[in-house]
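See below for the structure under consideration.
The values are calculated or read from the model by the stated rules, or taken from the named source; none is laboratory data. These numbers come from a predicted model, not from an experiment. In case anyone asks, the SASA skips ligands and DNA or RNA and just uses the protein heavy atoms, side chains included. Shrake-Rupley method; radii C 1.70, N 1.55, O 1.52, S 1.80 Å.
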Amino acid sequence: MDRIRLVGGNPLNGEIVISGAKNAALPLMIASLLTDEPLVLSNVPRLADVKQLERILENHGVDIAVHGRRRGESDGGGQRMTFHAADIVDTTAPYDLVSKMRASFWVIGPLLARCHEARVSLPGGCAIGTRPVDLFLFGLKELGAEIDIDDGYVVAKAPKGGLVGARIVFPKVSVGATHTLLMAATLANGTTMIENAAQEPEITNVAECLVAMGAKISGIGTRTLTIEGVEKLHGANVEVIPDRIETGTFAMAAAMTGGDVLLRGARPEHLQAALDILAKTGVDLTPEADGVRVRRNGNGILPVDIETQPFPGFPTDLQAQFMALMTMSQGTSHVRETIFENRYMHVAELARFGADIAVDGQVATIRGKDKLKGAQVMATDLRASVSLVIAGLAAKGETVVNRIYHLDRGFERLEDKLSRCGAEIERLAG
Ligand code: EPU
């Protein structure tokens, strides 16, 4: 298994180009199932999760093509890809494919809407919490679907003539359930209202893609989405938004190492809550024409308390990275994780660097240290892994991060981007 070796202590200086957002690319790819015409996506990041979803879509009969570089495009930029679901040959998403990535469960929405049936493996547990699918099933039933659980599979059938528009009031905000019901409702008969919908920028990216494909959606970017079902959707050309979690991660890395980095292509409005918190820690943030510049020159890191919340609040996907930053703050800070019940797997690993963190239920208390010391650590999930890389960049001496396949699921060319900014970081194969 590959590992990452890094030697901490160098401030990050330079420029990092932000990749396309994993959590937008995945549902956009899934949206291709809704039409028999080609959906062309640009700025698709090169990630293990994207590859995995390609396998799942291909199993349903989707033809996938990766296009070459065009004039004016930089090398290493996002991929331009066509997804063409001319004929859906199989409405089953099998366990061995779905179990590797939770987002693949979301195919249930478009399959049910277009083919009127779907058989999708339950995604199972995950390192960060139990992550049930009750909200998806609730929403699909509201649209008239009949749902059975059989042998670990969700077997869903639409009524004769297809799904029927309805008012869906989610008792809890869920990104995945919002994506899925939004997609399903585009081809339902009549009007659907989704209340208490997630408002994440990735939802907006998908909703705008669906509109480009001919869907009728209003309230995009708000808590209530109204979808007037149409008979058919068509092809479209859509760009994946820049990854706000990658942006926040590198911003925290720059803050932690005391560097000066331009995050090119970043959209500050997609992570304003996190940037506001970073500013309170004493970091200079300057919006630039094409991105945001993050700088901490000489000053210490101030302790700040955070609580994770659905968008527009502080994202749970930046909680581990922020905690890494707080391990070197000049005081005591608190983190409250409200989205996932078990998203503190990085705490024990950060302790290996000498960090002082105590967890009590949802709340972690972090007592800042002057310095961290490099260590052997183990990645446990995607965002936890990158928090260990950030800590290692600021720690004295050598750090080895084991089990980095998690990182490859969600960070494109991580070592390359960091080493171009002066980090001493390399991948050790095997
Ligand atoms: N939940 C339920 N029932 C459901 C669905 C969700 O109880 O049917 C709960 C979850 O257990 C959790 C909360 O609702 O406690 C929110 O989960 P949500 O459904 O919003 O999360 P998700 O759609 O599974 C996406 C991202 C996650 C990100 C969360 C929260 C993708 C592919 N995944 O997951 O990203 O943490 O939203 O913002 O978009 C990551 O990229 O590392 C990652 C985990």
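General remarks:
- Stretchable slack from Asn59 to Gln362, in nm (0.36 nm times residue separation minus alpha-carbon distance): 105.1 nm
- 3J(HN,Hα) couplings calculated from phi for the range 278-294 with the Karplus curve 6.51 cos²θ - 1.76 cosθ + 1.60 (θ = phi - 60°) are, in sequence order, 4, 4, 5, 7, x, 8, 7, 10, 10, x, 10, 3, 10, x, 9, 9, 10 Hz; Gly and Pro show x.
- Contact order normalised by residue count of the range 221-347, Cα under 8 Å, 6+ apart, percent: 22
- Anisotropy class of the range 1-145 from Cα gyration tensor, a/c 1.5 cut: oblate
- Cα-based convex hull, the range 250-409, per residue volume (Å³, whole number): 100
- Helix-only [θ]222 nm of the chain, DSSP H runs n ≥ 4, -39500 (n - 2.57) each, per residue, nearest 500: -8500 deg cm²/dmol
- Accessible area per residue in Å² at 1.4 Å probe, computed on the chain: 39
- Taking amide H positions as modeled 1.01 Å from N, with prolines and chain starts lacking one, the residues under 5 Å from Lys396 and 5 or more places away or on another chain are Leu372, Lys373, Gly374.
- Taking a ≥ b ≥ c as the square roots of the eigenvalues of the alpha-carbon gyration tensor, the range 281-343 is classed oblate because a/c is 1.5 or more while a/b is no larger than b/c.
- Degrees between helix 244-257 axis and first principal axis of the chain (Cα, 0 to 90, nearest 10): 0
- Overall form of the chain per C-alpha gyration tensor (a/c, 1.5; a/b vs b/c): prolate
- In terms of distances greater than 32 angstrom between alpha carbons, the cross-link table entries Lys172/Lys396; Lys51/Lys417; Lys22/Lys232; Lys172/Lys373; Lys100/Lys371; Lys216/Lys280 yield Lys172/Lys396; Lys172/Lys373; Lys100/Lys371; Lys216/Lys280.
- In plain terms, the bigger the Kirkwood radius, the slower the diffusion; for the range 22-239, with that radius from Cα pairs, at 4 °C and 1.567 mPa s, Stokes-Einstein puts D at 76 µm²/s.
- Inter-part distance where the range 327-394 and the range 198-235 are each reduced to a Cα centre, Å: 37
- Remark: the range 359-376, residue by residue, has Karplus-estimated 3J(HN,Hα) of 10, 9, x, 7, 10, 10, 10, 10, 9, x, 10, 5, 8, 10, 10, x, 7, 8 Hz, where x stands for each Gly or Pro and the curve is 6.51 cos²θ - 1.76 cosθ + 1.60 at θ = phi - 60°.
- Value of relative contact order over the chain, rounded to a whole percent, pairs C-alpha under 8 Å and six or more apart: 21
- Proximity of backbone amide H atoms, modeled 1.01 Å from N, is registered between Ala21 and Ile241, Asp243 at under 5 Å, excluding neighbours fewer than 5 places apart on the same chain.
- Interchain or long-range residues, amide H under 5 Å from Ser174's placed H: Ala198
- Degrees separating the helix 22-31 axis from the principal Cα axis of the chain, which is the longest one: 10
- Bridge orientation summary for the range 22-239: considering DSSP beta bridges with both residues in this region, about 75 percent are antiparallel.
- Antiparallel %, DSSP beta bridges [both residues in the chain], to 5: 70
- Across the range 22-239, the relative contact order, built from alpha-carbon pairs under 8 Å that are at least six residues apart, equals 21 percent.
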